[in-house]
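Read through the structure below, which is laid out as structure tokens, and then see the notes.
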Amino acid sequence: MVKKKLLKKKVSKKKLVNKSAGNTPGKPKAAVKKKVVAKTVSKTIAKKKQVAKKAVVKKAVLKKKTVAKKPAVKKPAVKKAAVKKAAVKKAPARKPTTRSPAKSRAAGKGDKGLGLTYITRMDHGNTHGWWVRVYKDSKPVESKLFSDGVHGGKLKAKKLAQDHRDLVVNKHKIVPVHLRKTREHSVDKRSTSGVVGVTLSVAEKAGSLRVHWSARFMEKGRQRNVSFSVRKYGYEGAFRNALKVRFGAIESTMPRGLKPPAPTKVVQRWMKKQKIDL
């Protein structure tokens, strides 16, 4: 009995020794060592991470403190009002300009003044130039051709023709149509309308009348004639269309207040039959 008790004590002592060394019964010592090493490594890595995090937090706190301590440097404010006043002082004051109505009309057409009023372009055969024809009260005052070949080209001849036209107009005190007052226009006794280049033509064909207003003008050295039927546009409408074509061809503005003359008795009867209004 005594021997059995002694053996039991020895076995219990061995178990206690194994537990203190970390050995478990049934496992080898090498495996136990590996586990212990892995635990220690993981603990050291965790500690290093904690230390690194603490260092980062400390740096951030220090940066915030230094930024808060530094005083903000203010830039010198530039007063906008003072800059504007200086600019106004430097800029020279503009003088108010006034123009007469005649000058303002001429300025609206550029440097040409009267443009091509009383001037016609001639390109016919061997003749190339600018033809100046000035009229006063339906009578010719001046007629002169400025050839391109003689005067050094088309542009130079045109300028000379305009200068000569201006001299003649000023000499005879002629007021062009587009610079006259309302209802004032050039009168031509030969024209049925009283306006140069606009006429009323009445022709009988196949037992019926053909009445139309026509505009006559020069284009590329040739005379052109554009007509507008009274039956289609009316008596006054055809007259206005002819005026637009005529003044557009001579490059001048159409005066206001122009009205066609009263139709003849023959035309009035024909208009009544055709039911055409004035």
Problem set entry | Given K171/K259; K139/K205; K205/K265; K34/K59; K136/K244, the pairs whose alpha carbons are separated by over 27 Å | K171/K259; K139/K205; K34/K59
For this session: Specify whether the C-alpha gyration tensor of the stretch 198-274 places it in the rounded, prolate or oblate class, a ≥ b ≥ c being the square roots of the eigenvalues: rounded for a/c under 1.5, otherwise prolate if a/b is larger than b/c and oblate if not.
Result: oblate
Problem set entry | Anisotropy class of the stretch 112-174 from Cα gyration tensor, a/c 1.5 cut | prolate
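No lab work stands behind these numbers, since they all come straight from the coordinates. Every value quoted in this text rests on a predicted model; they were computed, and no experiment measured them.
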